[in-house]
Every structure is written in structure tokens, then in C-alpha cells.
Amino acid sequence: MTDETQHNAETPAAETPDEALYSTETLEAARVLFARPATFMMGAAKIEQLPAADLPEVTFAGRSNVGKSSLINALVGQNHLARASNEPGRTREVNFFVLDEKLRLVDLPGYGWAKASKAEVKKFQNLGRDYLRGRPNLKRAYLLIDARHGLKAVDNEPMDALDVAAVSYQIVLTKADKIKPHELKAVIEKTQAQIKKRPAAHPVVLATSSEKGHGIPELRAEIMTTCAVAP
């Protein structure tokens, strides 16, 4: 058996690594919720431009080009709600998307790389940090990490900031289909060990693939229960 054949044979085992965490009823309710209308609300370039804190919000943060836009699109079943770009660091505002007028999905500027001046990079990354520190309706931040690389030194700064601000956050591995199941299992275990002593980190690490749909039902269920909303 070739490596490629072995990889393909193993792939189904990695499709729903977190399914045991959620009941069939919860997964179905989350599917129904995320099938409801989702629209782009606004982009905020300044903290003063943020919308009223009148709906529960979850936010997505991560290194530039980690797949935030693709993940948001996969969650709501749309291809172009959040604009994905081949140019890392393109997101330079806090972008708000409304799901069925019940909750908001918030896309933060990426960190670690951006095709912009240092002053501009600092400006929009500070905006993201200000949002995280001062948003009373923020239920959880999802920190996206490329499954092929795992946590890196550059990820320590946002985790430190979230810990200090006491903002609950959860690691979501992206592009999980790009590695073999046993490699994914090892990355999950290593990541869980790395965040074990971080006070604001959720202990469960979720693995997803926006392209294949792996882990998307489980992440929907996590968001729905975290925000305490129903379809």
C-alpha cells in the first residue's frame, strides 16, 4: 500500500474527531441555526465604530492566511460571505457578520504577516486587541492554528493577551485534511499540553477542514451552546 493510498484509507477516521462531545440533537440544531440567513454587517476601522453590544458574539483570530475567512464561509455554508484572499494580512478591520439576527461572527485582523507598513500593521492589530479587551458581549474567541504547523512563538502574544484580559478562547486547528490522521492526533495532543496551564484557554482543541467540512458541525455546535442561542 502506498503512502497516498494509506492516507486516503485513514482519512474518514479524522472527519469527526470531536463528534462524541455533542449529541445528535445538538449537532442538528446547530446545522439548522447556521443554515439561517447570514449577512455581512459592517467593518470597523476604529473602536468607536463598533456596533452596539446587543447580540452575543464569537470572534475568530489567528495568523495571517490561517483560513479565518474560509472557516466562516464553511460555517454558514456560503462561498463568499467573508472575503478570502491569497494576500496574507488583507483583513485590516474588525468585520462583523450577523447570523439570523441572533449572534455575530467577528473576523479579526490576522497577525504575524501583513503587506503593509509597520505603523499600519500596529494600528489594525491594536484595534483587534482593543476589541477583545472591551467587548462585554463577547462569548468566546476562537484562535485558529494551522494544523500542519501547530502553535508557534508568534501565537504566544495573543494567548497572553487573552489570558490577561480573561477572555475565554479555544484553539481551532484549520486545514486538518492536509495531514494524516495520526499526525493530526499528535498535533491535538501536543496543543492540549501546551495550553494546559493557560487560565483562559478552553481545554478542548477542535480540528477542522473548511475544504472537506471536517469538524464544521462540531464547531457550529460549540458556538451555538457557547452563545446560548437556539435555531
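The values are calculated or read from the model by the stated rules, or taken from the named source; none is laboratory data. Just so you know, these numbers come straight off a predicted model, no measurement behind them. Note that we place each Cβ from the backbone using ideal geometry, even for glycine, and neighbour counts take in every protein chain shown.
Summary of computed values
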| quantity | calculated |
| --- | --- |
| Considering residues of the range 49-80 that are part of a loop (DSSP other than H, G, I, E, B) and at positive phi only, the residue surrounded by the most Cβ atoms within 10 Å (Cβ to Cβ) | Gly67 |
| Checking Glu120 against (1) surrounded by fewer than 20 Cβ atoms within 10 Å (Cβ to Cβ); (2) under 19 Å from His202 (Cα atoms); (3) at pLDDT below 95, the condition it does not meet | (2) |
| Residue within the range 135-154 that is under 15 Å from Lys196 (Cα atoms), of a type in the set (Asp, Glu) and either surrounded by fewer than 21 Cβ atoms within 10 Å (Cβ to Cβ) or over 16 Å from the mean Cα position of the chain (by Cα) (or both) present | no |
| Test for Val167: is it modelled with pLDDT under 95, among the β-branched types (Val, Ile, Thr), in contact with a strand residue (DSSP E or B) (Cβ under 7 Å, 6 or more places away or on another chain) and farther than 20 Å from Arg104 by Cα | no |
| Test: residue in the range 182-200 that is touching a Phe, Trp or Tyr at 6+ places or on another chain (Cβ under 7 Å), surrounded by fewer than 20 Cβ atoms within 10 Å (Cβ to Cβ) and closer than 30 Å to Ala29 by Cβ | yes |
| Pair list, Cβ under 9 Å, 6 or more apart: the range 86-102 residue farther than 30 Å from Pro231 by Cα and at pLDDT below 90, other residue assigned to a strand (DSSP E or B) and aromatic (Phe, Trp, Tyr) | Gly89/Tyr111 |
